[in-house]
Amino acid sequence: MAASISGLLKPWTPRVFLVRWSRYNPYYLEPEVSKEAYSRPATELSAEEKEQRELKTLRPIKAATSGVSSSVFDDPVISKFINMMMEHGNKVLAREIMTQTLENIKKKQVEKYHKASEGEREAIECNPYTIFHQALENCKPVVGLASIQKGGKYYQVPIPLPDNRRRFLAMKWMITECRDNKHRRTHMYEKLSQELLAAFGKEGNVMKKKYELHKMAEANRAYAHYRWW
Amino acid sequence: MAASCVRTVGSFLGKCMTCSSSINTVATQVSQQVELTYSALCRKNLAAAGPEKFTLEYIQKQVEEYEIGKRHLANMMGEDSENFTQEDIDRSITYLFPSGLFEKTARPLMKLIHFPLHKAVQWGADGRPFHFLFYTGKQSYYSLMHDLYGKILKIEKHQDRLRAKGLFSQDAQLISLGPSRWLTKEELELLLVETISTHDYDRFIKLMEHMLCMPYSSTEEEFVQRYRRLLEAQSLKQLVPLLEKDENGVAFSTAEGRRKTSDSSVILRDCGSGHITVNGQDYLQYFPVLQDREQLMFPLQFMGVLGRFNLECKVSGGGRSSQAGALRLAISRALLSFLSEGDGEVMRQAGLLTPDPRVRERKKPGQEGARRKFTWKKR
């Protein structure tokens, strides 16, 4: 009975090879790595979360990847950014660049802090992680454009973007910007820290790109009804 | 070759062995092959015949013959015929019929195989079918759907009667099914002894769900439970390694882990110092990259026992990341013996106890790599 599920639990290869498939059976659930999620007592949870917990006790769970850990220094957004920056599997280099960027941001902000007068000091943010998150938030576009065919012609139709897509676009623009538009002799971490600080202050090329996309979406507002989903 | 084996077996031991050899899987295949060579001349497409199916009487006869054969074999070997297990049978057969064949499945065998059920004849001597839904082609499936709908109508009638009396309440308790799942399509097919399509199966599940959503459906609980299977809690399937004590009275446990092509084994000692040795070297020397060290610490940090244990690790094969992954799995497993069951369940939900099944995907012919195709040229 329950033993019949054991056939479902083995590392799995689909009989017909699909384009995107994983070695895990679709029955497996994603792991939850943060310690806080398990310390919440049952009284605080909503009905859905209780159901989720029930389901987790019954279903097998995938293994945690090698990029995540329960350490306080581990941030899922930063891990995603490191993976996107990585080229040819060189995670060591990508991570090195990231740590140097954060260090650089901290240095610049601390310099600014010491040079500023008493009144301005509270306004200066020194934590590089908050700066990174805020900069990324500022870069996220709200609407995107989709190419929809109608009557033989292709129109750029404004569509709402899901959260993943927005985060992806912000990170992608940031990385492309830093790789292409920099002076020959600047290091990646220097350029990245400059861009992040600019985005934190709502200036810079990445913000410009976001505003241009918004303007295009505003201009094509008339075709918004072409969207059917 | 196998045929001659069967024939010598038959001639050697007389009646008892012929009946047991007829259950012999090799023999059934051979005899079926012999039968099929004649029927193959009559029928063109052998694959379309499908897997062999057997009637209930045939299966019962085979089981009886197997039991008789087993007792005869036990007597032949001079052993107790009451407590003659399958291992004893295997041992006796390898003794009596030593085979030099390399293919293990071709050697002589005496075992009961799983016989897939076959439907009994569904019409009488006059040619009229017994079941009223015979001409649908899938009589068991449609009769099941018919019964299910009958139950739904019964529940609705019950609801109407209660409404008439004024006793109807919307939130009457629905069926409590417990941790269980619906029968899979394969299991349903086995139950009905009929093939059904995915569409049919989906309709059946939808109708069941519809019935469960109605108030007062708890009257049909027994009917529904027949089509549900219990789900075991996953935490019960974890193997906890033994907690041993060495000469100094220090508790320790050993565990192994694998990832890609790396193998590792870890001895976790409850010393209180927090030293970690990998292949004789200090872990700082062996894993210069921070990410690998983080992976080693992950299970310990997650459970909050960072400084408590001494780790003595051995790892071989693979690259630096897969060695770190293998060690992480081994550490989590060894840690299970020091923790309570609840903590073990929490570790499992964090993904620390699942062996990572991802391995390198093979290169395919006609492509440059596993996924990368050759450059497309229009001409």
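Which value in deg cm²/dmol, rounded to the nearest 500, describes the helix-derived mean residue ellipticity at 222 nm for chain B, given -39,500 (n - 2.57) per DSSP H run of n ≥ 4 and division by the residue count?
That calculation yields -14500 deg cm²/dmol at 222 nm.
Please label the shape of chain A as rounded, prolate or oblate, based on the square roots a ≥ b ≥ c of the eigenvalues of the alpha-carbon gyration tensor (a/c under 1.5 means rounded; beyond that, a/b larger than b/c means prolate, else oblate).
oblate
Let me see the pair-distance distribution of region B:56-106: every alpha carbon pair, 5 Å bin width, integer percents in order.
Values per bin, smallest distances first: 4, 18, 23, 19, 17, 14, 4, 0.
Which trypsin sites (Lys or Arg not before Pro) in region B:75-141 sit in a loop by DSSP (not H, G, I, E or B) and have at most 15 other Cβ atoms within 10 Å of their own Cβ?
Filter output for region B:75-141: B:Lys111, B:Lys119.
Just to confirm the filter: which trypsin sites (Lys or Arg not before Pro) across region B:293-370 are DSSP coil and have at most 10 other Cβ within 10 angstrom of their Cβ?
When the trypsin sites (Lys or Arg not before Pro) of region B:293-370 are filtered for loop state and at most 10 Cβ neighbours within 10 Å, B:Arg360, B:Arg362 remain.
Using Cα centres only, tell me the gap between region A:104-141 and region A:25-64 in whole Å.
Cα centroid to Cα centroid, the span is 36 Å.
Too long at a 30 Å Cα-Cα cut-off: which of A:Lys80/A:Lys106; B:Lys260/B:Lys373; A:Lys91/B:Lys363; B:Lys206/B:Lys237; A:Lys91/B:Lys314; A:Lys80/B:Lys373?
The answer is B:Lys206/B:Lys237.
When the convex hull of the C-alpha atoms of the protein assembly as shown is computed, what volume per residue in Å³ does it have?
Given the Cα convex hull of the protein assembly as shown, per-residue volume reads 369 Å³.
What does the convex hull of the alpha-carbon atoms of region B:294-379 project to on average, in nm²?
Seen from a random direction, the Cα hull of region B:294-379 projects 8.3 nm² on average.
Can you pull out the GluC sites (Glu not before Pro) in region B:341-379 whose DSSP state is coil and whose Cβ has at most 12 other Cβ atoms within 10 Å?
Sites meeting the loop and neighbour criteria: B:Glu361, B:Glu368.
Compute the semi-axes of the equivalent ellipsoid of region B:106-179, taking the square root of 5 times each eigenvalue of the Cα gyration tensor, and list them largest first in whole Å.
Over the Cα atoms of region B:106-179, the semi-axes work out to 43, 24, 8 Å.
Hey, could you get me the Stokes-Einstein D for region B:139-230, Kirkwood radius over alpha-carbon pairs, 4 °C and 1.567 mPa s, rounded to whole µm² s⁻¹?
Answer, rounded: 91 µm²/s.
B:Leu133 to B:Leu236: FRET efficiency via 1/(1 + (r/R0)^6), r the Cβ-Cβ distance, R0 30 Å, to the nearest 0.05?
That gives a FRET efficiency of 0.10.
What is the ratio of the Cα radius of gyration of region A:73-157 to 2.2 N^0.38 Å, where N is its residue count, to two decimals?
1.63
In degrees, nearest 10, range 0 to 90: what is the angle between the Cα axis of helix B:56-77 and the longest Cα principal axis of chain B?
The answer is roughly 60 degrees.
Per q in 0.11, 0.13, 0.18, 0.21 1/Å, what log10 I(q)/I(0) does a Debye calculation on the alpha-carbon atoms of region B:244-350 return?
-0.30, -0.42, -0.83, -1.13
Would you mind checking the pairs A:Lys108/A:Lys191; A:Lys112/A:Lys209; A:Lys115/A:Lys208; A:Lys172/A:Lys208; A:Lys140/A:Lys209 and listing those with alpha carbons more than 21 angstrom apart?
Flagged as over cut-off: A:Lys112/A:Lys209; A:Lys115/A:Lys208.
Divide, for region A:26-70, the radius of gyration over alpha carbons by 2.2 N^0.38 Å, where N is the residue count.
Normalised Cα radius of gyration, region A:26-70: 1.25.
Any read-out appearing in this document is the output of simple, stated calculations on the displayed coordinates, not a laboratory observation. Please read all numbers here as calculations on a predicted model, not as lab measurements. Counting neighbours? That spans all protein chains shown, and the Cβs are built from the backbone with ideal geometry, glycine included.
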